[in-house]
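**Q** One structure, as structure tokens, below. Some questions next.
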Amino acid sequence: MYKVKILVVCGSGVATSMHAAFKLQQYFDEEKILVHIDGAGNNELESRAPNYDIIVSTTMVTANTDKPVFSAIALLTGIGEKELAAEVIAKVKEIMQEKGDE
Amino acid sequence: MSDLLIDVENILVNDTVQNHEEIIRKLGTLLHNNHYVKDTYTQAVLDREIIFPTGLQTTTAGFAIPHTDAEHVIKSTVAVATLDTPVIFKAMGNPEADISVTVVMMLAISDPKKVVDTLRKVISVLENEVTIEKLVKATTKLEIQSAFNEHMSNISD
């Protein structure tokens, strides 16, 4: 089965992206869906985005990317977190299905 | 044991400042005087705050978590300030939105990989209404320090 790759981005790749990535991983563990999650700084986004399926970012994404982008703020404050997780999970399932048919 | 601790010397309680720059400078001066950061740290935090603002609205209070790159830091820690009157920080992820901030947690991180778990626990304060209430109501540095320590020890690894 295709393993969806998610890049979690913040300003420097130091603080908030690691926390957001950890929180997101927990949701996928609960769903028993295998995904690959990496953290990165905003300056790496443009070069690394092509290798990932989904971008989740705590900063405004200004880099050019055709990948689906989600805001990670909910993963930091907890406000709207379940809704965000549900959206990302739905997108992951969609990508798994698409890639599975290839 | 974690090697990131909240030093009571880097805490300000019910402080009064005019704007976000002033509280970043105050905390940066404390961190520098207490040998946690280099003299380049404060300006680097201020510069970064313009490009990547760190205001975050939680369910009960506005927070800011200003920080910068590891090269400006000597020893990892978190400086904390609670404010008498909130000041405006721009919102993380949305520089057009204002957040009225009451609690500032300024992160000084020298080696992100070494402190990743502790850092995660510090950031998880934002989701914990009980800890936030303790921070906002604290009247002494020790109360702030113990609110953090309690929070950290309650979160499992």
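**Q** For chain B, with a Gaussian network of springs between Cα atoms less than 10 Å apart, report the residue from B:123, B:109, B:24 with the top mean-square fluctuation.
**A** Comparing B:123, B:109, B:24 in the GNM, the peak value goes to B:123.
**Q** Determine the dipole magnitude for the protein assembly as shown: charges of +1 sit on the beta-carbon of Lys and Arg, -1 on that of Asp and Glu, nothing else is charged, the reference point is the Cα centre, and the result goes in debye to the nearest 20.
**A** With only Lys, Arg, Asp and Glu charged at Cβ, the dipole is about 280 debye.
**Q** Separate question: So which of B:38/B:137; A:23/B:26; A:23/B:113 end up more than 28 Å apart by C-alpha?
**A** With Cα atoms farther than 28 Å apart: B:38/B:137; A:23/B:26.
**Q** Check the straight Cα-Cα distances from residue A:93 and name the lysines below 17 Å, setting aside those fewer than 8 residues away within the same chain.
**A** A:3, A:5, A:32, A:67, A:82
**Q** If you build the Cα gyration tensor of region B:8-154 and take the root of 5 times each eigenvalue, what three semi-axes come out, in whole angstrom, biggest first?
**A** Equivalent ellipsoid semi-axes, largest first: 20, 18, 15 Å.
**Q** For chain A, set up a GNM with springs between Cα atoms under 10 Å and report which of A:44, A:31, A:87 has the largest fluctuation.
**A** The residue that fluctuates most here is A:31.
**Q** Let me ask another. Along the charge dipole of the protein assembly as shown, pointing to its positive end and built from +1/-1 on Cβ of Lys, Arg, Asp and Glu, which listed residue (B:67, B:50, B:89) has its Cα farthest out?
**A** With unit charges placed on the Cβ atoms, the residue in question is B:67.
**Q** Something else about it: Stokes-Einstein at 20 °C, 1.002 mPa s, Kirkwood radius from Cα pairs: D for the protein assembly as shown in µm² s⁻¹?
**A** 115
**Q** Report, in deg cm²/dmol and to the nearest 500, the calculated mean residue ellipticity at 222 nm for chain A, where each DSSP H run with n ≥ 4 adds -39500 (n - 2.57) and the sum is divided by the residue count.
**A** Calculated from helices alone, the mean residue ellipticity at 222 nm is -14000 deg cm²/dmol.
**Q** In debye to the nearest 20, how big a dipole does region B:65-139 give about its Cα centre with +1 on each Lys and Arg Cβ and -1 on each Asp and Glu Cβ?
**A** 300
**Q** Continuing with this model, one more query. What are the trypsin sites (Lys or Arg not before Pro) within region A:23-70 that DSSP puts in a loop, where the Cβ has at most 15 other Cβ atoms within 10 Å?
**A** A:32
**Q** Please list, ordered by chain and number, the residues whose modelled amide H lies under 5 Å from the amide H of residue B:73; skip anything fewer than 5 residues away on the same chain.
**A** So residue B:73 has HN proximity to B:38.
**Q** For region A:6-93, what is one quarter of the convex hull surface built on the Cα atoms, given in nm²?
**A** For region A:6-93, the mean projected area of the Cα convex hull comes to 5.0 nm².
**Q** Just B:114, B:141, B:75 to compare: in a GNM of chain B, with alpha carbon springs under 10 Å, which one fluctuates most?
**A** In the Gaussian network model the winner is B:114.
**Q** Using the Cα centre of chain B as the reference point, and only Cβ charges (+1 on K/R, -1 on D/E), how large is the resulting charge dipole? Debye, rounded to the nearest 20.
**A** Charge dipole of chain B: 160 debye, to the nearest 20.
Only the coordinates and a few stated rules stand behind these numbers; no lab work does. All figures in this text were calculated on a predicted structure; none of them were measured in a lab. Quick reminder, even Gly has a Cβ in these numbers, built from the backbone with ideal geometry, and neighbours come from all protein chains shown.
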